[in-house]
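A.B. asks: I have a structure here, written as C-alpha cells, and I will follow up with some questions on it.
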Amino acid sequence: MAKLAIKSDNQQQLMLLPPSYEELVPLTHPVRVINSVINRIDLKEIFSSYKGGGNSCFNPASMLKILIFAYLNNIHSCRKIEQQLKENVLYMWLSGCIRPDFRTLNYFRSKRLKDSFSDIFTQVVELLHEEGFVSLDVQYIDGTKIESMANKYTFVWRKSVEKNDEKLKEKTRIVLKQIEAQINFDENETESTEPLCVEDFQERLDKINKQIEKKSTPKKIRKQIEKIQHENIAKMQTYKDQLAKMEGRNSYSKTDPEATFMRMKEDAMLNGQLKPGYNIQIATENQFITNFAVFQRPTDTMTLIPFLDSFKKRYNRQSKIAIADSGYGSEQNYEYMMDLEIIPYVKYNYFHKEQKRNHKNNPFLSANFYYNEKENYYICPMGQHMNFVRNEKRLSDAGFTSTVSIYKAQRCEGCFLRSICHKAKGNRVIEINHKLNKYREYVRDLLNTQEGYYHRSKRPVEPEAVFGQIKQNGMFRRFRLKGLKGAEIEFGLKALAHNMLKLAAKGGFLSFLKAFCVTVLFLNRYNSSLLGHLDKRGTIEDENEQLFDIYVKKRGYLTFYC
C-alpha cells in the first residue's frame with residue numbers, strides 16, 4: 001500500500017515575503033467593480049459635510065465602498081458590517097484595513113449621505129451611460145412597497161381622528177354653553193354655526209375665566225372649566241397636530257410619522273393587515289436601475305408625474321419612451337406624457353379585458369354603443385337615442401379636473417331588454433369621458449404595434465425582475481432608517497449595489513478598470529510585447545485592447561494598483 005501524502009497545514013509557518021490582500025481578491029470579483037467605480041466619481045459633496053480640524057476621520061470614499069459592498073452581500077446591519085471588516089479579506093482589501101465601529105458606519109450612512117447620496121447615484125448611472133450600458137432614452141417603470149422600521153401597531157387613522165375631534169368639540173361646545181348660561185355671561189354674541197377650531201375654544205374659555213374672576217362661582221363649574229382647559233383643549237391640539245402630520249394621507253405611524261399604512265404582499269397572517277411602509281418607484285433599462293424615488297402614497301397612479309419629473313431633474317433630460325402597467329393609466333398621466341412628447345406604452349385598466357370576446361360581443365356595455373360624434377348622441381341596443389344632458393367637472397385626489405359627459409335614454413319603460421340592459425329605476429344614464437377615450441384609443445393602437453408588443457413583453461423582465469432580485473434574493477424587505485430620507489438612502493444603497501452586481505455580471509469591470517487603474521501584466525507568453533504597448537499613464541492603446549481582453553480570459557495574472 002502506497003504511503004498517504006498529506007499537504008502541509010502548519011499554522012505557525014512563516015513567510016519570507018508575506019502575501020498582500022491584492023493577491024487574495026479575484027480579478028473578476030464585484031468588489032473590484034465597486035472600488036473602480038467609486039474612485040471615478042466626485043465625492044466633494046460628502047467631503048463638504050465635514051467641518052475639518054480635530055482628529056483624523058475615515059476616508060468617505062472607503063466608507064461608501066464598504067456600505068455598497070455590504071448591501072451587495074445582503075448585509076444591512078452596521079454591527080454585522082463591523083464584524084466583516086475584522087474577518088473578511090474582501091472587506092479588508094476594499095477598506096484598506098480600516099475598522100470603523102458600527103456607530104461610525106451608521107452615522108455616515110444616516111447623516112453624511114443625507115444630502116449627497118442623490119448626486120452619487122446620478123454620477124454612477126451617468127458612468128453607465130458613458131460606457132454604453134444604458135441609453136437613458138427609455139424607462140421601464142414599476143413600484144413596490146417596502147415596510148418601514150416602525151411598529152405595525154402604532155397607527156393613527158384620519159377618519160378616527162376626525163370623528164373623535166368632531167365629537168370632542170361638540171361635547172365641549174355644549175358644556176361651555178351650559179356654563180355661560182349658569183354664570184349669566186354678559187357677552188351679546190350669537191353663537192357661530194361654523195365649526196370651531198382650537199383657538200376659538202381657547203378664546204371663548206379665556207372670556208369665561210375673566211367673567212368668573214369678578215364673581216363667586218360654584219366649585220362644580222370651576223372643575224368643568226379646569227377639565228376643558230387641561231384635557232379637552234389639549235386633546236383638540238393633539239388631534240390638530242395629528243391631522244397636520246398626515247399631509248393629505250389617510251394614516252401615519254407614531255414611531256415613523258412619514259410612513260403610511262399600506263397593504264403589503266408579504267402577509268404572514270393572511271388577513272390583509274396594513275403595515276407602515278413606503279411606495280418605492282424605480283425606472284430600469286437593461287435591468288440597471290436608472291432612477292428611483294420614495295413616495296408616501298399607497299397607489300401608483302399619482303406617483304408617475306413626480307417620478308418623471310425627478311428623472312428630468314436628475315439628468316437634465318427626459319426619456320423618449322415610458323413603459324408601465326395599468327396602475328399608471330390615468331387621464332392626467334396620459335395628458336402629461338403627451339405634452340412632453342413622451343411615447344406612452346402605458347396600459348389602462350380594461351386594456352386586456354376589452355380585447356376578449358365576451359367584452360367585444362356584449363351589446364349592453366356603453367363602450368360598445370354606437371356614437372354619433374357630429375350630433376353628439378349614443379344609440380342603445382334597442383335603437384333609442386341617448387341624448388346629451390350635461391357636462392360635469394370631476395376633481396381627482398391629485399387635484400386634476402376632468403370633464404365627464406352625461407347621456408340619458410328617452411324611454412326605458414316597457415323595453416323587453418331592460419332587465420339585462422340596466423337595473424336603475426328610471427331611464428338608463430351613462431357617463432363618458434371623451435378625452436380619456438381618445439387617449440386610450442391612441443395607447444391601444446400603440447401597444448398593439450410590433451414595438452408595443454416588444455415593450456409589453458420586456459416590461460415584466462425589467463423592473464419586476466429587479467424587485468425580485470432586491471427583495472427576495474437580496475433579502476431587503478424592511479428599512480432600518482426612519483423617514484423619507486432614511487428610506488431613500490437605504491434603497492439607494494441597495495440600488496447602487498444591484499447596479500454594481502449587474503455590471504460585474506455583464507463583464508463591464510474591464511472598461512472601468514482599464515480607464516482608471518495602473519496595470520501591471522504578468523503573462524506566461526507575450527509579456528514583454530504587451531508591456532511595450534502601455535503608454536505613460538498606464539492605459540492600453542486602442543490597437544491592443546482586443547488583445548488585452550483575450551489574455552485576461554486566458555487566466556493571465558494581473559495586479560491592479562488603484
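A.B. asks: If the Cβ limit is 6 Å and pairs must be 6+ apart or interchain, which residue in segment 310-322 that is in a strand (DSSP E or B) pairs with which residue that is surrounded by 14 or more Cβ atoms within 10 Å (Cβ to Cβ)?
C.D. replies: As it stands, the answer is ILE321/VAL138; ILE321/ILE343; ALA322/GLN139; ALA322/ILE342; ALA322/PRO344, since those pairs meet every condition given.
A.B. asks: Shifting gears a bit: What's the total number of residues in segment 433-454 that are charged (D, E, K, R) and over 18 Å from THR403 (Cβ atoms)?
C.D. replies: The first filter runs over segment 433-454 and keeps only residues charged (D, E, K, R), leaving 435, 438, 440-441, 444-445, 451.
If we keep only those that are over 18 Å from THR403 (Cβ atoms) too, we end up with 444-445, 451.
The qualifying residues number 3.
A.B. asks: ILE141 - would you say it is in a strand (DSSP E or B), among the β-branched types (Val, Ile, Thr), modelled with pLDDT of 95 or more and buried (at least 19 other Cβ atoms within 10 Å of the Cβ)?
C.D. replies: Here the answer is yes, as ILE141 does meet what is asked.
A.B. asks: Moving on. Step by step: first the residues of segment 128-171, then only those that are acidic (Asp, Glu) and free of Cβ contacts under 8 Å to residues at least 40 places away in the same chain, then the one that is nearest to LYS275 (Cα to Cα). Which residue is that?
C.D. replies: So the residue we want is GLU166.
A.B. asks: Which pairs do you get when a residue that is not assigned by TED's automatic domain parsing to the domain that holds TYR71, found in segment 466-477, comes within reach of a residue that is among the basic types (Lys, Arg) and in a helix (DSSP H, G or I), reach meaning Cβ atoms under 8 angstrom, with the pair 6+ apart or on two chains?
C.D. replies: Between residues of segment 466-477 that are not assigned by TED's automatic domain parsing to the domain that holds TYR71 and residues that are among the basic types (Lys, Arg) and in a helix (DSSP H, G or I), the close pairs are ILE470/LYS494; GLY474/LYS494; PHE476/LYS494; ARG477/LYS471.
A.B. asks: Still on this structure: Any residue at all in segment 31-40 that is in contact (Cβ under 8 Å) with a residue 40 or more places away in the chain, surrounded by 10 or more Cβ atoms within 10 Å (Cβ to Cβ), in a loop (DSSP other than H, G, I, E, B) and out of contact with any Lys or Arg (no Cβ under 7 Å at 6 or more places or on another chain)?
C.D. replies: No, there is no match, as no residue in segment 31-40 is in contact (Cβ under 8 Å) with a residue 40 or more places away in the chain, surrounded by 10 or more Cβ atoms within 10 Å (Cβ to Cβ), in a loop (DSSP other than H, G, I, E, B) and out of contact with any Lys or Arg (no Cβ under 7 Å at 6 or more places or on another chain).
A.B. asks: Quickly run through segment 123-138 and pick out the residues that are in contact with a Lys or Arg (Cβ under 6 Å, 6 or more places away or on another chain) and surrounded by 16 or more Cβ atoms within 10 Å (Cβ to Cβ).
C.D. replies: Across segment 123-138, there are no qualifying residues.
A.B. asks: Just give me the residues in segment 336-351 being touching a residue at least 24 places away in the same chain (Cβ under 8 Å) and in a loop (DSSP other than H, G, I, E, B), in sequence order.
C.D. replies: Answer for segment 336-351, where residues must be touching a residue at least 24 places away in the same chain (Cβ under 8 Å) and in a loop (DSSP other than H, G, I, E, B): LEU340, ILE342, LYS347, TYR348, PHE351.
A.B. asks: Does ASP267 fit the bill of being without any contact (Cβ under 8 Å) to a residue 40 or more places away in the chain, under 30 Å from PHE155 (Cβ atoms) and either not in a helix (DSSP H, G or I) or not basic (Lys, Arg) (or both)?
C.D. replies: yes
A.B. asks: Among the listed residues SER49, SER118, which satisfies the condition of being outside any helix (DSSP H, G or I), hydroxyl-bearing (Ser, Thr, Tyr), surrounded by fewer than 20 Cβ atoms within 10 Å (Cβ to Cβ) and within 31 Å of the chain's Cα centre (by Cα)? Full working, then the answer.
C.D. replies: Values: SER118 fails: outside any helix (DSSP H, G or I).
Exactly one residue qualifies, and that residue is SER49.
A.B. asks: Restricting to strands (runs of 3 or more DSSP E) lying wholly in segment 366-482: which have 1 or more residues that are among the basic types (Lys, Arg)?
C.D. replies: Fully inside segment 366-482 and qualifying: 385-395, 401-409.
The values are calculated or read from the model by the stated rules, or taken from the named source; none is laboratory data. As the structure is a computational prediction, the values presented were derived from the model and not from experiment. Backbone-built Cβ (ideal geometry, glycine too); neighbour counts: all protein chains shown.
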